[in-house]
Structures are given as structure tokens and as C-alpha cells.
Amino acid sequence: MSRISKPAAIASASAAAALAVALTATPALAWTAGPFTADLNGTMVIDAGIPASCTSSTLSGTVDAAGNLTITSASVGGCGVTVTPKNLPWSGKLDNGTASIDGFSMSAIGCTYGGDITGSFTGTDLPVSATFTEQTVAKTSGWLCPGSATVTATYDFTAA
């Protein structure tokens, strides 16, 4: 190896090693931990054979640095019937573009539906928008109620 190419090779190898260390040491994406509010963006449709279109809904709770959600409060309105969130708190997660709410449960006209819903979100920290499209939840109580319902909604999550 010539005298010029040997130092260049050493410098190149050193730069590559430094880049590898820098990339390895980069911390994982972290959410800004704290309280959040998620407001309905558009209309939420709950369809158990007859669709109910709701014009307002708010979720609130906390998010931790890993994107884990604890939803301690939920409200729904403008549905034409009374819709009541049940079994709070709910848990969930915002992770790599996937939004989830576990333990989601709503009741209307004597029928209660619940389960885990999954959607997608855009963004890397609050604020983000999460969209849940035609997520099926099972009937958990009620007489003469369809066995399942679908839920479609988009929520805008912001730091509270």
C-alpha cells in the first residue's frame, strides 16, 4: 500500500467505526411523557346493524415515554342516542405507526360492545392523528343485540 493510500484507508476505517458507534448509540424514539387529550376529528361511526354517527368525542389520560397510553376519561356526544363509555381506564399504545386501544367499551340502547381496536397514526410525538377504520368489537352484554359492531373514528392527540 502506498504512503498516501495507507493513511487514507486508516482515516476511512476510523470514520466508518465512528459512524457505526454514533448510529448504535442513537436513542430510540421517545414520546414526551405526560397528559394528553384526543379530540374526535370528523365523525365517529358505531355500526351494530344500524349506524350511529357521533359528532363529538374526547379521550384523555397519560402517555409515557414508550408510547403507552392510559385512557382515564372518555366522552361521546351528538349520536342521536346516548352512548356511554364503559370500563375505564383503557390502555393502549402508539408504536411505529400503529395505534391501539385495549379494553375499548361503549354502551347504547341496552347493548354494550367492547374489545381491542387497532389503527394507524402519523407523527413521532404529540400532536398525532390516529385513525381506527371499521374495527370490530364484540357484544359484551345486552339482549336482542347484534353479536358485534364496527367502530370508525379519527382522534387528534395533543399534549394537555
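The values are calculated or read from the model by the stated rules, or taken from the named source; none is laboratory data. Everything numeric in this text was worked out from a predicted model, so none of it was measured. Don't worry about glycine lacking a Cβ; one is built from the backbone with ideal geometry, like all the others, and counts go over all protein chains shown. Note: areas computed on protein heavy atoms with side chains; ligands, DNA, RNA excluded. Shrake-Rupley method; radii C 1.70, N 1.55, O 1.52, S 1.80 Å.
Does segment 20-152 classify as rounded, prolate or oblate by the C-alpha gyration tensor (a ≥ b ≥ c root eigenvalues; a/c under 1.5 gives rounded; else a/b over b/c gives prolate, otherwise oblate)? Write out the running numbers ahead of the final one.
Numbers: a/c = 2.44, a/b = 2.27, b/c = 1.07.
Taking the square roots of the gyration eigenvalues as a ≥ b ≥ c, segment 20-152 is prolate.
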Heads up, I need the accessible area for M106: 1.4 angstrom probe, whole protein in place, Å², nearest 10. 10
Rough spin-label spacing in nm, given labels placed 7 Å along Cα→Cβ, for S129 and A160: 2.3
Tell me, what is the 1.4 Å probe accessible area of S56, in Å² to the nearest 10? 50
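Taking 30 Å as R0, compute the FRET efficiency from the Cβ-Cβ separation of T82 and S120 and round it to 0.05. Mind dumping the intermediate values first?
Numbers: r = 30 Å, r/R0 = 0.99.
Efficiency, rounded to the nearest 0.05: 0.50.
Can you send over the carbon and sulfur percentage of the accessible area for segment 72-122, probe radius 1.4 Å, protein chains only? Write out the running numbers ahead of the final one.
Working: 1130 of 2310 Å².
After summing per-atom areas, the C and S share lands at 49 percent.
Full-extension gain between T55 and T72, please, as 0.36 nm times their residue separation minus the C-alpha to C-alpha distance.
Values: separation 17, 0.36 × 17 = 6.12 nm, distance 2.07 nm.
Additional length available on full extension: 4.0 nm.
Tell me, in nm to one decimal, what length is gained between D47 and T62 on full extension, where the rule is 0.36 nm per residue of separation less the Cα-Cα distance?
On the way: separation 15, 0.36 × 15 = 5.40 nm, distance 2.84 nm.
Here the segment from D47 to T62 would lengthen by 2.6 nm.
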Net charge (Lys, Arg +1; Asp, Glu -1) of residues whose beta-carbon lies under 14 Å from that of T131, T131 excluded, is -3
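Let me check something: with ligands and nucleic acids excluded, how do T32, T37 order by accessible area (1.4 Å probe), largest to smallest?
On the way: T32 90, T37 35 Å².
Largest accessible area first, the list is T32, T37.
What's the extension gain from I109 to S141 if we count 0.36 nm per residue and subtract their Cα-Cα distance? Mind showing how you got there, number by number?
Working: separation 32, 0.36 × 32 = 11.52 nm, distance 1.11 nm.
That works out to 10.4 nm of additional length.
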